[in-house]
Amino acid sequence: MIRPSVRATGRVHIELRDNEGRLKQEVLTKNLVVGTGLYHIADQLSDSGEAAMSHMAVGTGTSTPASGDTALGNQLEDRHAFSAKTQGSGASANKVTYVAEWPAGHATGAITEAGIFNSDSAGQMLCRATFAVINKGPSDTMTLTWELTIN
């Protein structure tokens with residue numbers, strides 16, 4: 001089947017847990033695959049040399065995601081490497097899932113944005129999402145599971 005256009009869409013599932021592992025807050029939100037993310041996807045098809053996506057970051061920025069975004073509005077601490085990265089199979093072969101975790105003591109604050117990058121600093125941004133405040137306390141843990149679909 002020939003498709004007249006290809007789209008990249010995504011969503012991020014955020015789980016905040018207390019020091020006992022109890023779920024405190026859960027957020028599911030859509031993201032925007034930004035311009036540099038679309039260029040990155042094309043680069044991966046051509047194998048021109050850009051590094052694969054490898055890290056997530058969270059921050060406190062609140063501006064609406066835009067195609068021209070190349071970084072978070074206000075990133076908190078260093079980016080976290082993915083703890084898992086998988087591609088679907090069969091009918092889900094067009095989906096990639098990325099997972100990153102923030103343990104207690106990391107990224108403490110009023111988190112309102114997240115993004116995926118191909119480096120622990122600088123690099124290319126794939127996508128960005130903003131959402132209602134998630135107040136991560138010093139003893140809380142947070143997991144972001146991000147699903148990107150090409151259709």
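With respect to A84, determine if the residue is over 12 Å from the mean Cα position of the chain (by Cα) and surrounded by 20 or more Cβ atoms within 10 Å (Cβ to Cβ). So that I can check it myself, show each step before the final result.
Working: over 12 Å from the mean Cα position of the chain (by Cα): yes; surrounded by 20 or more Cβ atoms within 10 Å (Cβ to Cβ): no.
No: the conditions fail for A84.
From T62, T70, T36, which residue is open to solvent by less than 50 Å² (accessible area, probe 1.4 Å), of a type in the set (V, I, T) and either touching a strand residue (DSSP E or B) at 6+ places or on another chain (Cβ under 7 Å) or over 22 Å from M142 (Cα atoms) (or both)?
Going through T62, T70, T36 in turn, just one is open to solvent by less than 50 Å² (accessible area, probe 1.4 Å), of a type in the set (V, I, T) and either touching a strand residue (DSSP E or B) at 6+ places or on another chain (Cβ under 7 Å) or over 22 Å from M142 (Cα atoms) (or both): T36.
When the residues of the range 129-151 are narrowed to those that are β-branched (V, I, T) and at pLDDT 95 or above, which ends up least open to solvent (accessible area, probe 1.4 Å)?
The residue in question is I134.
So that you can scan it fast, the table gives a plain yes or no per residue for (1) in a loop (DSSP other than H, G, I, E, B); (2) on the phi > 0 side of the Ramachandran plot; (3) aliphatic (A, V, I, L, M); (4) modelled with pLDDT under 95:
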position: T86; (1), (2), (3), (4): no, no, no, yes
position: A91; (1), (2), (3), (4): no, no, yes, yes
position: V96; (1), (2), (3), (4): no, no, yes, yes
position: A100; (1), (2), (3), (4): no, no, yes, no
position: G105; (1), (2), (3), (4): yes, yes, no, no
position: I111; (1), (2), (3), (4): no, no, yes, no
position: A114; (1), (2), (3), (4): no, no, yes, no
position: S121; (1), (2), (3), (4): yes, no, no, yes
position: C127; (1), (2), (3), (4): no, no, no, no
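Quick one: which of L16, L28 is in a strand (DSSP E or B), open to solvent by 60 Å² or more (accessible area, probe 1.4 Å), at pLDDT 95 or above and not aromatic (F, W, Y)? Give the steps one after another, and end with the answer.
Details: L16 fails: open to solvent by 60 Å² or more (accessible area, probe 1.4 Å).
Of the residues listed, the single one that is in a strand (DSSP E or B), open to solvent by 60 Å² or more (accessible area, probe 1.4 Å), at pLDDT 95 or above and not aromatic (F, W, Y) is L28.
The values are calculated or read from the model by the stated rules, or taken from the named source; none is laboratory data. Owing to the predicted nature of the structure, the values given are computational and were not obtained by experimental measurement. Don't worry about glycine lacking a Cβ; one is built from the backbone with ideal geometry, like all the others, and counts go over all protein chains shown. Remember, those area values only see protein heavy atoms, side chains included, never the ligands or the DNA or RNA. Shrake-Rupley method; radii C 1.70, N 1.55, O 1.52, S 1.80 Å.
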